[in-house]
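What follows draws every value from the coordinates through simple rules; no lab data is involved. Since we're looking at a predicted model, the values are computed, not measured. Note that we place each Cβ from the backbone using ideal geometry, even for glycine, and neighbour counts take in every protein chain shown.
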Amino acid sequence: MTKTHDKDEVQMIGNTQDRRTPDLVREEIRVGEVLLHICCGPCAEWPIASLKQEGFSLTAYFYNPNIHPLFEHRRRLNGAKTVCSLQDVPFFSDDSCEPERWIAMSEKRSPEEEGRCAMCYRIRMDRVAAEAKARGIPMFTTSLLVSPYQSHEKLIEVCEEAALRYDVKFLYRDFRPGFREGQKMAREHGVYRQKYCGCILSLEESDFREKIYRDFEGSIGATTTVL
Ligand code: SF4
């Protein structure tokens with residue numbers, strides 16, 4: 001399904017065909033229980049604070065099998081747990097770490113197909129929407145929406161499709177204005193802040209690649225293979 005997010009667009013959210021504009025639909029969701037997907041501790045700080053301030057009841061879910069290597073995955077998982085504990089939000093996780101899936105899928109993709117980030121969003125948001133449905137939580141959203149480095153519009157599209165598929169609502173918020181404040185909160189809380197998006201390809205492409213590898217070696221021992 002391709003969406004343009006034009007003002008006059010007819011949009012499906014949840015299982016309801018809705019002829020209001022997407023922005024209006026999003027604004028009207030103001031209270032209730034939300035499953036918040038958390039990609040990492042620093043990105044969770046601001047969305048948790050702002051959704052709680054709005055009055056939402058949150059449950060946090062960490063599911064990011066894209067993160068490579070396992071050491072880094074566990075470090076981000078721990079950061080997410082710390083932030084939820086500090087902000088008093090119930091937390092659960094799926095600890096899967098599946099870098100080989102990302103490598104295989106990226107290699108298979110033809111130039112006509114969607115990029116790997118869209119695929120990465122789909123894998124995670126599908127699971128989050130399914131979890132929300134299974135747990136009877138009517139809405140979900142994601143901390144990925146705070147990041148100026150993610151494809152915001154693609155995320156919206158993927159989340160809306162997942163919401164339709166699992167008959168739950170996607171709670172849209174543009175958390176990006178709070179990105180710097182969230183990073184500041186993470187620094188004050190002593191939460192680990194990463195230097196690359198997560199998958200092995202983003203690690204290899206990072207300008208900080210050498211520094212990241214040195215950090216791995218310093219953290220887990222020079223003799224340990226991290227790739
Ligand atoms: S760069 Fe980030 S969003 Fe894109 S595939 Fe890698 S981990 Fe996923």
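Details
- Taking amide H as placed 1.01 Å from N in the peptide plane, Met139 has its amide H under 5 Å from the amide H of Leu35, Lys169, each at least 5 places away in sequence or on another chain.
- Distance violations [Cα-Cα > 25 Å] among Lys81/Lys133; Lys169/Lys195; Lys81/Lys154: Lys169/Lys195; Lys81/Lys154
- As a proxy for reagent exposure, ranking Leu51, Leu36 by other Cβ atoms within 10 Å from fewest up yields Leu51, Leu36.
- Between amide H atoms placed 1.01 Å from N, distances below 5 Å from Ala60 occur with Leu36, Phe91, Phe92, all of them 5 or more places distant or on a separate chain.
- Cα centroid of the stretch 60-103 to Cα centroid of the stretch 186-221, whole Å: 15 Å
- Sorting 197-204, 141-148 by their mean Cβ neighbour count within 10 Å, with the most densely packed peptide first, gives 141-148, 197-204.
- Fully extended contour minus Cα-Cα distance, from Phe208 to Glu153, at 0.36 nm per residue: 17.1 nm
- In terms of the mean number of neighbouring beta-carbon atoms within 10 Å, the peptides 88-94, 127-133, 55-61, 40-46 order highest first as 40-46, 127-133, 55-61, 88-94.
- Residues Glu181 and Leu70, FRET efficiency given R0 of 22 Å [Cβ-Cβ distance, rounded to 0.05]: 0.10
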